[in-house]
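Engineer: Pasting a structure below so you can have a look.
Derivation of every value follows stated rules applied to the coordinates shown; laboratory data play no part. What you are looking at is a predicted structure, and each value in this text was computed from that prediction instead of being measured. Neighbour counts are summed over all protein chains in view; Cβ atoms, including those assigned to glycine, are modelled from backbone coordinates with ideal geometry.
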Amino acid sequence: MIANRIIENNPPRMSFLKAFSPRDSRYFPTSFIKRVFQEGEGHRRKDSLTGLNRLPTFWVRSNAISILSTPEEFYETLLKHSSQATDRVSLASLYLGTGKLEQQLLNTLADRYCTQSHLKVRVVMDGNRGTRFERPNRDSKGNKGNDTDTVQSHSAATLFQSVMSSMQPTSKNAMSQFRVGLFNMPLKPNDWFAHFILPRLPPRYNELLTTFHLKAYVFDDTLIMSGANLSNDYFTSRQDRYWVIQNAALANLYHEMIDILYDTSIDVNHMNTTSSNTNPNKNIEAKHETSKLANLENTQHIKHRQPPTSQNNTTDYEKMHLKLEALMRPQVRASKWSTFEEGAQEQTSTPSPSKGWACIRPSIQCAALGMRHDETMTKGLMERLDDMGDDRIVHGSGSGVKDHIQPSTVYVSTGYLNFHNHYKQLLLQMRTNISIIAASPKANGFFTASGISSSLPVAYSLIAQRLYREAQKYARHLPARQSFEINEYEREEWTYHAKGLWFTEEQEQRQEELDRTDWYDPDDTQVWVDANANGAVKGGKDDGKDDVDDGSLEKKVDENTLDGTSGGSLTLVGSPNFGHRSVERDFESSLLVVTEDKELRTEMERELQQLISYTLPVDAATFEQQDRKLKGLFNWSHGWWISIASRLVRGWM
């Protein structure tokens, strides 16, 4: 009997085994969570688990996870938690905007800090982006617009400085716990081009080579994981994803991560960029000429006080690397499924964590430091999903029981469609259905930009066209059951920035599972089930007597026990765009969330459906539209030069 074999192979865990009922994963070999994380026979790539099982694992109650839908909800949630935090606030973002909404958010956090004597605040932004000044009537991408919120030029650094200078904390030393750091990305030792050119690039263009791209907002025990920055368009009309997770252990990991990053950053208060007229609220009401003088003074200070370059900060980066590696190292590597289960029981204090729980694994990526956790995890996950989809095809064919089974669909979303070669090859060769969601040229954040930035929407369209053609070629050699779709998000006056991956496996009842009885034996009293107790464990000691099935015991505990698969969903949510930049140049972080909980799965489906509802399918005719055709040789937005440049600079897009 299965129960006996497990006990014989793992005698020290007998008491732990007895806590599980037949519906749990040890007795339910087709549990979705188990299929994702446990190596099984017949998998073509058994090393795919390397990237999935080398990361820390957190079990979070599904009702402690909420998925926001709109930028307005995101902003209101930030305001709410900023006004209610009592212990720690840790914010990591590419940058903070300088408009009225951003000032209101920062003032709310500052007011809360002044009334909470024990509150600790840490903010980390990209060093280059955080010191770039926003000009009036420009949005966060530098595009021309009608926004008059930013009357005076400010950078995120000077905005923080002005607010902090006006704060009146509860004690004289309290300001020591409100710190804002500008993080300058390390460079790869062999990236001679970046080492040579980066110090010579002017503001804005120095962000092309590498950026700090993490977006994690932590308030006490609540983590808001997103791909959205803290600026006006991300609060109003730029679609992204926003997961709010209440879990002390997971939140603490990101608190510590941001602390480590801050320690390797330069504090804005050490940049000496303030002047007597830097309070944004006062400047908005000041005369324009006075503002111009103050801005000029601030710009001159910033120019000579950039964050330290990686060449001068090697030791600090090495220390940071060691701390981050230690932070992301699981206490016990779940190389065996039994170890994984034991960890689940320890965190959840329940014998059946799959019901009402979600398994979350965080990852980070910084190729310059050799930290490729997110890349390894994402590749391993794609390979795993390919194997799982192939298993469904194999199980569903030949017997006539499930001839209609089709491979499940993997949805991948990115604001900037430019897959890293590893990901592109995996997606093109996967035997599951693939559906890509990307921004249309009109939904690209640079659509209304001027100068060289205006070329980016067409450049990404050309990359999408090349991917479409490659998919067509692969389709000729792949089974007819596989499809590869590209869908573009387009919504009037909205831009698209959502990134992530989704996969859902519905419950499938197979006759071969119905016919199996070796998973349960009424004579095996190591574990038996009281059918009237909804599957609760009733007994567990072999007294040598045979149990008689008088109706109180039955094999069919509930319909879930009979399913070929338990059904489940997973997603990746965070900052990576799956592109060359995300993998090779930027600092990123994401969460892998896997669950079998029906309510959370419904929320995940709702999130995805909302994004899909604004998409249109791409076909060959899409790229023949007039606004996508190249015109002239050196036209900024549609010139033929873009075709060549988009191939040459893919690694920076």
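Engineer: Suppose R0 equals 56 Å; then what is the FRET efficiency for Glu76 and Trp192 from their Cβ-Cβ distance, rounded to the nearest 0.05?
Structural biologist: 0.75
Engineer: Along the Cα→Cβ direction, 7 angstrom out, place labels at Ala475 and Trp652. What is the inter-label distance in nm?
Structural biologist: Roughly 3.5 nm, to one decimal.
Engineer: Using the beta-carbon distance between Thr108 and Ser408 and R0 = 60 Å, what value does 1/(1 + (r/R0)^6) give for FRET efficiency, to the nearest 0.05?
Structural biologist: E(calc), rounded to 0.05, equals 0.90.
Engineer: Under 19 Å from a point placed 7 Å out from the Cα of Ala621 along the Cα-to-Cβ direction: which residues of segment 419-455 have their backbone N that close?
Structural biologist: 440-441
Engineer: Defining a contact as two alpha carbons under 8 Å apart and six or more residues distant in sequence, what relative contact order in percent does segment 570-647 show?
Structural biologist: Value for segment 570-647: 17 percent.
Engineer: Go through segment 571-636 and name the trypsin sites (Lys or Arg not before Pro) that are in a DSSP coil and have 16 or fewer other Cβ atoms within 10 Å of their Cβ.
Structural biologist: Filter output for segment 571-636: Lys629, Lys631.
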